[in-house]
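Only one structure is covered here, and it is reproduced in the block below.
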Amino acid sequence: YFFYPAQYWAHKNHFNLLRAYQRLTKETDRSVHLVFTGADQGNKAYIMRIIRDLQLQERVKVLGFVSNEEIWTLYKNSIALVMPTFLGPTNMPLLEAQYLGTAIICSDLKGHREMLRDGALFVHPARPDEWTTAMKKMLDSEFRHTLVDRSTQVKEQSIFTINTAIKMLEKALQQIV
């Protein structure tokens, strides 16, 4: 399954991901699911209607809000994190997936590229056909493992870590005092 942990806001772009996923289901012979988690922020009923309209009810799992333990398990067992958001770069799932060794497909946003460099596939958020192509690539386990290896190398050299965030916060707090 492909995993998308995101609140149900319009800018999170579940719509284009569902269009891409429907195309993927028609173009491959693999039974791959799509898993959504997150709380409703006013857009969930619309997304549920799109799932029905695209006849994806049996293949898209909508889990709602889940525990940290469940999130960890979902990341670790997924084919890849998919993150088609129109906004960023403050999207924690990208760093969570990288930390856990999960392959990543995300929106081609400047901040995402800065955080993940060549450790992810980057796709225009409004082009479902490109998302379908990227998901197909992730079905190749050799490709996926190579991408995760690159992501691990990026993570080891990255300033985008919890320790860096804590140091920056401490520095900011010391300047206030």
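Here the label points at residue 113 and residue 99, each 7 Å from Cα along the C-beta direction, are separated by 2.6 nm in the simple model. Peptides 126-135, 32-41, ordered by how many other C-beta atoms sit within 10 Å of their residues on average, highest first, read 126-135, 32-41. With the simple model of a label 7 Å out from the Cα in the direction of the Cβ, residue 58 to residue 30 spans 2.0 nm.
Suppose only helical runs count, i.e. DSSP H with n ≥ 4. What mean residue ellipticity at 222 nm does that imply for the chain under -39500 (n - 2.57) per run, divided by all residues and rounded to the nearest 500 deg cm²/dmol? Don't jump to the answer; show the numbers that get you there.
Working: 8 runs with 93 residues, N = 177.
Only helices count here, giving -16000 deg cm²/dmol.
Taking the protein heavy atoms of the chain in the context of the full set of protein chains, the accessible area attributed to carbon and sulfur is 52 percent at 1.4 Å. The modelled label-to-label distance for the pair residue 141/residue 122, using points 7 Å beyond Cα in the direction of Cβ, is 3.0 nm. Peptides 92-100, 68-76 ranked from most to least packed, by the mean per-residue count of other Cβ atoms within 10 Å: 92-100, 68-76.
Roughly how many Å² is the accessible area per residue of the chain, as a whole number, for a 1.4 Å probe?
Working: 9820 Å² over 177 residues.
Counting only protein heavy atoms, the per-residue value for the chain is 55 Å².
Are any of the pairs 136/167; 61/136; 44/171; 44/155; 44/167 more than 29 Å apart by Cα-Cα distance, and if so, which? Over 29 Å apart, Cα to Cα: 136/167; 44/171; 44/155; 44/167.
Taking the centroid of alpha carbons for each part, the range 55-90 and the range 141-163 are 19 Å apart.
The values are calculated or read from the model by the stated rules, or taken from the named source; none is laboratory data. In this text the structure is predicted, and so the values were computed from the model without any measurement. Don't worry about glycine lacking a Cβ; one is built from the backbone with ideal geometry, like all the others, and counts go over all protein chains shown. Accessible surface is based on the protein model in full, side chains and every heavy atom, while ligands, DNA and RNA are left aside. Shrake-Rupley method; radii C 1.70, N 1.55, O 1.52, S 1.80 Å.
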